[in-house]
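Chemist: Quick one: this structure, given as C-alpha cells, is what I'll be asking you about.
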Amino acid sequence: TSGVGVLHLKVIAGIPDRNFNVLTNGKYEHQFVYMPVKSAATGRVWLNNNLGADYADIDSDYFNPHQQATATNDYKAYGSYFQWGRKADGHELTNWEVNSTSRKASMVYGDTSVKSDNPTNPAFITGEDWRITADDTLWDGESSVNNVCPVGYRLPLDPNNAKDSDNEFDVERNSWTGTDSGTAALASNLKLPLNGFRYKNNDTSTYEGVYGNYWYGSAITGGQGQDFYFGPYTNTLDHSPRAYGLAVRCIKD
C-alpha cells in the first residue's frame with residue numbers, strides 16, 4: 001500500500017559543539033547542541049547547559065536543547081568532567097549509574113597514570129596534573145589551542161585576569177540572593193546544577209547534588225587550575241589540581 005502524508009520538519013537553530021560531526025576515538029562522541037541564554041545579572045550570553053549535558057546530546061533519550069536543569073541534582077544537566085586545559089578527546093565523557101539512592105558517573109575510557117602533554121589515549125589521567133609540563137594558556141581565550149567551547153565561545157576567566165571584563169562568574173555569583181547558593185544558582189537564568197567533580201585519583205564522580213564545581217579558563221601560574229565552587233552557604237573563586245574533572249559552562253567571547 002502507499003499513501004500521502006505530511007512531514008513536519010522542525011529546525012533547531014542551536015549552537016553545535018566544537019567537535020560536532022568530528023570523529024574522536026573512531027566515533028561521533030560529541031553530538032551536542034546548545035542554546036544561548038542571557039544572564040539577567042550581566043546581559044552576557046552563555047550556553048544554556050554544561051558541555052556534555054544529556055539534554056544537549058542528540059543521541060540521548062533526554063535530548064531537548066531548550067531544557068535546562070530542573071533541580072540542583074538533575075544529573076541529566078551535569079555534563080562532562082573535563083581536566084583543566086585538556087582537549088575534548090573523550091577523557092571527559094561519562095557513563096551514569098543511576099538507582100533509587102545514588103547517581104555516580106564513571107569515565108567512559110577509564111583512567112591511567114601515564115602523563116602526556118599531547119595524550120593519544122582518551123583515558124582520564126590521574127595525579128596532580130595530566131601534563132608533564134604545565135601550560136597556563138591552554139584555555140585562556142576563544143582562540144586558545146585547546147578551547148573546548150563552541151566557536152565564538154570560551155571558558156569564563158578569573159576577574160583578576162587582564163583578559164577578563166569582570167562580567168563573568170564573579171558578577172554572576174554576586175547577584176545571587178539567599179544563604180543557599182546552590183538554590184540561587186538554579187534560580188538564575190544559567191540554571192547551574194550541583195554537578196560535583198571527579199577526583200584526581202578516583203574513577204567516579206563525587207559530591208554530585210551537593211556542590212557545583214566549574215572550571216575557569218584561568219590558572220595559577222605553573223600551579224592549579226582556577227574554578228568556581230558553590231553549594232550550601234558558600235560560593236567562591238577556588239583552585240583545584242588540573243587533573244580534577246570539573247564541569248565547563250561557556251560564555252560568548
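The values are calculated or read from the model by the stated rules, or taken from the named source; none is laboratory data. Remember, predicted model here, so these are calculated numbers, not experimental data. Note: ideal-geometry Cβ built from the backbone for every residue, glycine included; neighbour counts use all protein chains shown. Note: accessible area is taken over every heavy atom of the protein model, side chains too, but ligands, DNA and RNA are not part of it. Shrake-Rupley method; radii C 1.70, N 1.55, O 1.52, S 1.80 Å.
Chemist: How many of the residues making up region 30-56 are modelled with pLDDT of 95 or more and open to solvent by less than 30 Å² (accessible area, probe 1.4 Å)?
Modeler: Looking only at that region, the number is 17.
Chemist: With the checklist (1) assigned to a loop (DSSP other than H, G, I, E, B); (2) closer than 23 Å to residue 211 by Cα; (3) more than 12 Å from the chain's Cα centre (by Cα) in hand, flag the one item residue 97 doesn't pass.
Modeler: For residue 97, the exception is condition (1).
Chemist: Can you pull out the residues in region 100-128 that are assigned to a loop (DSSP other than H, G, I, E, B) and among the aromatic types (Phe, Trp, Tyr)?
Modeler: 109
Chemist: Yes or no: region 156-170 includes at least one residue that is part of a loop (DSSP other than H, G, I, E, B), modelled with pLDDT of 95 or more and either touching a strand residue (DSSP E or B) at 6+ places or on another chain (Cβ under 8 Å) or at negative phi (or both).
Modeler: Checked region 156-170: no residue is part of a loop (DSSP other than H, G, I, E, B), modelled with pLDDT of 95 or more and either touching a strand residue (DSSP E or B) at 6+ places or on another chain (Cβ under 8 Å) or at negative phi (or both).
Chemist: Can you pull out the residues in region 171-222 that are of a type in the set (Gly, Ala, Ser) and open to solvent by less than 30 Å² (accessible area, probe 1.4 Å)? Walk me through it before giving the result.
Modeler: Filtering region 171-222 for residues of a type in the set (Gly, Ala, Ser) gives 175, 178, 181-182, 184-185, 187-188, 196, 205, 209, 212, 217-219, 222.
Once the filter is applied, which keeps residues that are of a type in the set (Gly, Ala, Ser) and open to solvent by less than 30 Å² (accessible area, probe 1.4 Å), region 171-222 yields 181, 182, 184, 185, 188, 196, 205, 209, 212, 217, 218, 219.
Chemist: When region 94-149 is examined, which residues are found to be more than 26 Å from residue 33 (Cβ to Cβ) and in contact with a Pro (Cβ under 6 Å, 6 or more places away or on another chain)?
Modeler: Across region 94-149, the qualifying residue is only 128.
Chemist: Same structure again: Taking region 57-84, which residues are crowded, with 21+ Cβ neighbours inside 10 Å, farther than 28 Å from residue 128 by Cβ and touching an Asp or Glu at 6+ places or on another chain (Cβ under 6 Å)?
Modeler: Matches in region 57-84: 76 only.
Chemist: Which number in (1) touching a strand residue (DSSP E or B) at 6+ places or on another chain (Cβ under 9 Å); (2) surrounded by fewer than 20 Cβ atoms within 10 Å (Cβ to Cβ); (3) more than 21 Å from residue 196 (Cα to Cα) marks the one condition that residue 106 misses?
Modeler: (3)
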